[in-house]
1. For GLN24, indicate whether it is away from the ligand (no atom under 16 Å from the Cβ) and closer than 25 Å to ALA247 by Cα.
2. Listed residues PHE99, PHE92; which is open to solvent by 40 Å² or more (accessible area, probe 1.4 Å) and among the hydrophobic types (A, V, I, L, M, F, W, C)?
3. Give all pairs with beta carbons closer than 9 Å in which a residue from the stretch 40-61 that is assigned to a loop (DSSP other than H, G, I, E, B) meets a residue that is basic (Lys, Arg) and away from the ligand (no atom under 11 Å from the Cβ); count only pairs at least 6 apart in sequence or on separate chains.
4. Do we find that LYS69 is of a type in the set (D, E, K, R), surrounded by fewer than 16 Cβ atoms within 10 Å (Cβ to Cβ) and in a helix (DSSP H, G or I) in this structure?
5. Can you confirm whether LYS217 is in a helix (DSSP H, G or I), surrounded by fewer than 19 Cβ atoms within 10 Å (Cβ to Cβ) and in contact (Cβ under 8 Å) with a residue 12 or more places away in the chain?
6. With (1) over 19 Å from LEU119 (Cα atoms); (2) crowded, with 19+ Cβ neighbours inside 10 Å; (3) out of contact with any Gly (no Cβ under 8 Å at 6 or more places or on another chain); (4) without any contact (Cβ under 8 Å) to a residue 60 or more places away in the chain as the list, and ILE204 as the residue in question, which single condition is left unmet?
7. So how many residues does the stretch 27-66 have that are open to solvent by 10 Å² or more (accessible area, probe 1.4 Å), in contact with a Leu (Cβ under 8 Å, 6 or more places away or on another chain) and within 16 Å of the ligand (Cβ to nearest atom)?
8. Go through ILE109, ILE136, ILE104, ILE130 for me and flag whichever is out of contact with any helix residue (DSSP H, G or I) (no Cβ under 8 Å at 6 or more places or on another chain) and away from the ligand (no atom under 16 Å from the Cβ).
Amino acid sequence: MPARGWSALGRNIIIVDDYLTMSQAAAQAVIQQIKKDKNTVLGLPTGKTPIGLYKALVRAVKQEAVSFKGVRAFILDEYVGLAKNDKASYHFFMQDKLFGKVDIKKENIFMPDGQAEDLTGECLRYESLIKKSGGIDLLVLGIGLNGHLAFNEPGSDFDSKTRVVKLKAETRRVNAVNFTKPEQMPSSAITIGLGTIMKAEKIILMASGEKKAKIIKRALTGKITGAVPASILQKHKNLTVILDKDAAKHLVTHSA
Ligand code: PGA
């Protein structure tokens, strides 16, 4: 892996030069996982961070370096109230960036339904689908500026499961750019829980850019606290963090 340096923090933290290299490193890890187990269960994030990863995976499938034929994939969250074909929905995002461009089987794509009449029932159904699949083998995560993972905002319980959550003002402000009018931004979402996340066999956390540097430092080296949901990852047994150097700038590192 094109690592530029390893942190002295005792965890598997890979620091690379830029966004493209971060995306390629994450893609390599996903490809390796699928090659090891063609029926791998993936947990996949939305947002800006994974776009380069998905591009790299689409390229790898086109070049026949990997196949998603046996892969099952769970997305981590979805807005409440948005139709699946709404361009701002995560259904649309995942279809557009990855699922529509690789050879994954339709029946192996799992996404929470933000328009379900019974949202509580939908959350229970989703959590049990993950369980029935045998659990997530490799979960990829981005991190919010406030330390959220998926839509587990500060204050989320560490053992939380899939549920409906109210989005914090900061998250709504940041994500409003994806909507034609800011007022269209939903106020709640379905998200898998921090407990669901921590049950994944392996986790990859990605972050890029200077604006993520402070929260990355708090999450990886600060106190484990509900105020920084991502800090719970310090307790995960198989966590790999892939950062570009801007996101890693507040971590103490030594050169490779
Ligand atoms: P981003 O979002 O990838 O668009 O920065 C990350 C997140 O909010 O989890």
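1. yes
2. Of PHE99, PHE92, the one residue that is open to solvent by 40 Å² or more (accessible area, probe 1.4 Å) and among the hydrophobic types (A, V, I, L, M, F, W, C) is PHE92.
3. THR40/ARG72; THR46/LYS97; PRO50/LYS97
4. no
5. yes
6. Unmet condition: (4).
7. Qualifying residue count, the stretch 27-66: 2.
8. Result of the check over ILE109, ILE136, ILE104, ILE130: ILE104.
The values are calculated or read from the model by the stated rules, or taken from the named source; none is laboratory data. Since this is a predicted model, take the numbers as computed values, not measurements. So basically every Cβ, Gly included, is an ideal-geometry build from the backbone, and we count neighbours across all protein chains shown. Surface accessibility is based on the protein's heavy atoms, side chains included, excluding ligands, DNA and RNA. Shrake-Rupley method; radii C 1.70, N 1.55, O 1.52, S 1.80 Å.
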